[in-house]
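The values are calculated or read from the model by the stated rules, or taken from the named source; none is laboratory data. Fair warning: this is a prediction, and the values are worked out from it, not measured in the lab. Positions of Cβ are generated from backbone atoms using ideal geometry, with glycine treated the same way; all protein chains shown enter the neighbour counts.
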Amino acid sequence: MTSFTDSAAMALNLIFSLDPSLMAIVARSLWVSVCATVIACALGLLLGAALGVSRFAGRAVLLAMLNTFLAVPSVVVGLVVYLLLSRSGPLGFLGWLFSFKAMVLAQALLVLPVVTALTRQVVEDAEGLHGEQLQSMGAGALLRSVLLAWDERYALLTVLLAAFGRAISEVGAVMIVGGNIDGFTRVMTTAIALETSKGDLPLALGLGLVLLLLVLVLNSVLALLRRWRDQEEGASSAMPRLELRA
Amino acid sequence: MTPVFALEQANVRFGMGARTLHALCDIDLQIAPGERVAFIGANGCGKSTLLRVLHGLLRTSSGLLRRDESLCQAMVFQRPYLMRMSAQNNVALGLWLRGQKWSSAQWLAMDALQSVGMAEHALRAARKLSGGQQQRVALARAWATRPRVLLLDEPTSSLDPHAKREVEALIQHLAEHDPSMTLVFASHNLGQVKRLASRVVYLEQGRVLADLPVQEFFAAGALAQRYREAHSFVKGDLV
């Protein structure tokens, strides 16, 4: 217990003194996850919106696969990206392994199914409720997907935040493809794992607290968004009730 | 005169095998330009399905549908879908989707909102408007496209009595403003049917049981003799 309270006190000291090594890791984590979320959202929003309104043979199989990817462990994604980027892999010529780019790629691939599946659900629900009216106004499938996604932008903002939460809190993929190199590819989650195994509990706890704080901020933003949207627009469309977990 | 719509032995089925639902059965119907046709019948009789077939939102499973494709059609639904934007932009969107430039669509949208008495609400968020006001914006969105055929699917059924009267008066005003426009609507409100329609089509279980001019339909004696089910409906027995 004493060791825990001592570690917690030292962790808080590291946070409030803005310890440079801690801040560097936090900044790198944020930057990796922001880049990965932006890339995944750019692709996932388009794919999800298109899937939400389109009907084609094999769609059910595609959706089942997409939903399966939601549950893929991050270490598996890390392993696949490792194999792709390793010297003998198809993308080995890029030389990205154990780099910032590799971590971004891994996290982007990890959250892409989340963004696509949630966007698909939001747009498909909206299509079921309102697609016919847009169709009667002359909107084809492509335009409907864009218009419905735009109309459900607050719900999709929640999806974006959920994706960021998933990216920043994962550890397996970035550990495998980033290598946890001090000063280069060490991020919050990999640092927590390493420092704990080394017995440097204050730094691990400090990083854990920062991570928790970030997730708390994200959840608060989600709650505020939900409340603001409900007040402003009425609760006419479903906003997914998502909670982020560190 | 070429009919706006002509249905011959049209059927609409949903599902397959034992679970097949016959939404429309052997419908023969012709609607001439300028007619005011009301579809009436109990819930689930096929009024909305028939409107959707006429508008091209649903395909017939068998039979023939001839539509004058050169005529601009617009449809207003029971619960209007207005996007998260201003009333004016919602109306402009309808025009933009039909090929108008956004800038001119804005002007035409304002014009249409004026004609439904909603000009002062043009810049308000559409979803913050009351149910009646939203339905008026939806009517403006349809009206802005200058439709030759206006289809209305129970346009007042989700409104309170006051809004009902307002929206009905507006539909009447729009219909009188352009007598050559064909008006086809589904309604449960028989008073409204009397006031707006020139012809009544009574549907039951997907079949047309009566297709009569409005005065004849509501002439109780004639209806009772020829169409017992429709007579019962008018009396309120089936509602």
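Odds and ends about this structure:
- Residues of the stretch A:118-176 that are outside any helix (DSSP H, G or I) and farther than 28 Å from A:Gln107 by Cβ: A:Met137, A:Gly138, A:Ala139, A:Gly140.
- Set B:Ala142, B:Ala112: member being buried (at least 22 other Cβ atoms within 10 Å of the Cβ), under 23 Å from A:Arg144 (Cα atoms), outside the structural domain of B:Phe5 (by TED's automatic domain parsing) and hydrophobic (A, V, I, L, M, F, W, C): B:Ala142
- Residue-level check: of (1) within 14 Å of another protein chain (Cβ to nearest Cβ); (2) assigned to a loop (DSSP other than H, G, I, E, B); (3) touching a Gly at 6+ places or on another chain (Cβ under 9 Å); (4) more than 30 Å from B:Leu7 (Cα to Cα), B:Leu159 misses just (1).
- Yes/no for A:Val114 being touching a Cys at 6+ places or on another chain (Cβ under 8 Å) and over 17 Å from B:Leu93 (Cα atoms): no
Quick grid of which residues meet (1) aliphatic (A, V, I, L, M); (2) under 27 Å from A:Trp150 (Cα atoms); (3) within 16 Å of the chain's Cα centre (by Cα):
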residue	(1), (2), (3)
A:Ala42	yes, yes, yes
A:Arg55	no, yes, no
A:Tyr82	no, no, no
A:Ser88	no, no, no
A:Leu91	yes, no, no
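- Checked against the criterion of being hydrophobic (A, V, I, L, M, F, W, C) and modelled with pLDDT of 95 or more, the candidates B:Val4, B:Val76 yield just one match: B:Val76.
- Filtered by the rule that a residue be within 11 Å of chain A (Cβ to nearest Cβ) and not basic (Lys, Arg), the stretch B:36-53 gives B:Ser48, B:Leu51.
- Residue check, A:Arg186 closer than 30 Å to B:Gln100 by Cβ and of a type outside the set (Gly, Ala, Ser): no
- Members of the stretch B:98-107 found to be surrounded by fewer than 18 Cβ atoms within 10 Å (Cβ to Cβ) and either not basic (Lys, Arg) or not in a loop (DSSP other than H, G, I, E, B) (or both), listed by number: B:Gly99, B:Trp102, B:Ser103, B:Ser104, B:Trp107
- Among the residues of the stretch B:65-119, the one identified as at positive phi and in contact with a helix residue (DSSP H, G or I) (Cβ under 8 Å, 6 or more places away or on another chain) is B:Gly117.
- Of all the criteria given as (1) assigned to a helix (DSSP H, G or I); (2) more than 22 Å from A:Gly138 (Cβ to Cβ), the one not satisfied by B:Gln134 is (2).
- Residue in the stretch B:79-88 that is at pLDDT 95 or above, under 18 Å from the mean Cα position of the chain (by Cα) and farther than 22 Å from B:Ser158 by Cα present: no
- Lone unmet requirement of (1) within 14 Å of another protein chain (Cβ to nearest Cβ); (2) modelled with pLDDT of 80 or more for A:Gly234: (2)
- Candidates A:Leu143, A:Leu148, A:Leu129: the one that is crowded, with 22+ Cβ neighbours inside 10 Å, within 24 Å of B:Leu139 (Cβ to Cβ) and within 12 Å of chain B (Cβ to nearest Cβ) is A:Leu148.
- Residues that are part of a strand (DSSP E or B) and crowded, with 17+ Cβ neighbours inside 10 Å do occur in the stretch B:83-92.
- Within the stretch A:66-104, tally of residues that are in a helix (DSSP H, G or I), surrounded by 15 or more Cβ atoms within 10 Å (Cβ to Cβ) and hydroxyl-bearing (Ser, Thr, Tyr): 2
- Candidates A:Thr190, A:Thr185, A:Thr196, filtered to the one that is in a loop (DSSP other than H, G, I, E, B), away from every other protein chain (no Cβ under 14 Å) and hydroxyl-bearing (Ser, Thr, Tyr): A:Thr185
- Answer residue from the stretch A:151-165, given it is surrounded by 23 or more Cβ atoms within 10 Å (Cβ to Cβ) and more than 23 Å from B:Val91 (Cβ to Cβ) and is farthest from the other protein chains (Cβ to nearest Cβ) among those: A:Gly165
- Residues (basic (Lys, Arg) and away from chain A (no Cβ under 13 Å)) located in the stretch B:60-115: B:Arg66, B:Arg67, B:Lys101
- Verdict on A:Gly138 being within 12 Å of another protein chain (Cβ to nearest Cβ) and surrounded by fewer than 23 Cβ atoms within 10 Å (Cβ to Cβ): yes
- Residue in the stretch B:120-134 that is away from chain A (no Cβ under 14 Å), touching a residue at least 40 places away in the same chain (Cβ under 8 Å) and surrounded by fewer than 19 Cβ atoms within 10 Å (Cβ to Cβ) present: no
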